[in-house]
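Nothing in this text is a laboratory measurement; each read-out follows from the coordinates by a stated rule. Not measured: the values here are computed from a predicted model. Note that we place each Cβ from the backbone using ideal geometry, even for glycine, and neighbour counts take in every protein chain shown.
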């Protein structure tokens with residue numbers, strides 16, 4: 001069975017510094033996708049970054065980068081130059097299969113990030 | 001970009017009332033939509049997969065008769081919480097994917113906070 005694990009319930013980071021949010025996963029599939037979402041206190045889910053299991057390079061999107069270590073089954077999110085607006089819950093999620101519009105997401109427990117001024 | 005609209009954003013009603021939540025894909029067609037439930041400070045739990053023109057697929061432990069799902073068109077799925085009770089109070093959020101591309105994330109509605117008195 002698929003499983004996503006985020007071991008950090010809460011994290012603090014100083015404004016302008018970088019922070020790494022951990023995510024490990026478990027799947028028997030060869031093809032899968034990994035996603036990170038941000039959820040502010042207002043509740044909406046904001047897509048941040050995607051990593052495919054066959055992608056050879058780590059994904060990057062602006063200040064977000066994904067440290068993908070396939071052999072270790074980890075997909076950690078790195079946020080550089082933290083901003084106060086980055087304070088939120090962050091969820092790692094996995095979708096199995098390729099080209100699968102119907103693929104459901106399995107979410108980790110989430111990490112609550114607090115950015116200190 | 002692709003947008004998913006969810007309505008209403010907040011509902012407060014008496015015990016025994018049935019509540020309908022709508023999830024619309026605004027600029028794309030979605031043959032599949034997903035309904036999640038989230039308790040405070042917890043992760044998103046998939047309740048069911050909504051399939052256009054056919055019956056929804058419910059996750060284990062989710063009562064089909066309590067949470068009715070109708071996906072009557074390619075842009076609309078509804079979740080009806082029937083005879084709601086205080087224990088049904090939660091944050092409900094829907095999502096959909098616009099294409100079958102691997103790196104296309106699911107787009108989420110803004111969620112519905114349901115409070116049953």
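Estimate the FRET efficiency between residue A:16 and residue B:7 by the formula 1/(1 + (r/R0)^6), using the beta-carbon distance for r and 30 Å for R0, to the nearest 0.05.
0.20
Could you work out the Rg to Rh ratio of chain A, with Rh taken as the Kirkwood radius (inverse of the mean 1/r over all Cα pairs)?
Result for chain A is an Rg/Rh of 0.96.
Compute the whole-percent fraction of alpha carbon pairs in region B:1-66 spaced more than 14 Å apart.
Numbers: 1492 of 2145 pairs.
Roughly 70 percent, rounded to a whole number.
Counting pairs of Cα atoms in region A:1-62, how many percent are more than 16 Å apart?
61 percent
So what does log10 I(q)/I(0) come out to for chain B at q = 0.09 Å⁻¹, using the Debye formula with one equal point on every Cα and no solvent?
Normalising to I(0) and taking log10 leaves -0.22.
Could you please rank A:94, A:11, placing first whichever residue has the fewest other Cβ atoms within 10 Å of its Cβ? All intermediate terms of the calculation are to be shown ahead of the outcome.
Details: A:94 25, A:11 16.
Fewest-to-most Cβ neighbours within 10 Å comes out as A:11, A:94.
Could you compute the FRET efficiency for residue B:113 and residue A:64, with r as their C-beta to C-beta distance and R0 at 30 Å, rounded to 0.05?
0.60
Of all DSSP beta bridges located in chain A, what percent are antiparallel, nearest 5?
Of all bridge pairs located within chain A, approximately 90 percent are antiparallel.
Over 22 Å, how big is the tail of the calculated P(r) for the protein assembly as shown, in percent of all Cα pairs?
53 percent
Arrange the following residues from fewest to most other Cβ atoms within 10 Å of their Cβ: A:95, B:113, A:72.
Going from least to most buried by this count: A:72, B:113, A:95.
Take residue B:85 and residue A:116, extend 7 Å from each Cα along the Cα→Cβ direction, and tell me the distance between the two endpoints in nm.
If labels sit at residue B:85 and residue A:116, their model points lie 4.6 nm apart.
Using R₀ = 22 Å, calculate the FRET efficiency as 1/(1 + (r/R₀)^6) where r is the Cβ-Cβ separation of residue A:42 and residue B:63; round to 0.05.
On the way: r = 29 Å, r/R0 = 1.30.
Between residue A:42 and residue B:63 the formula returns 0.15.
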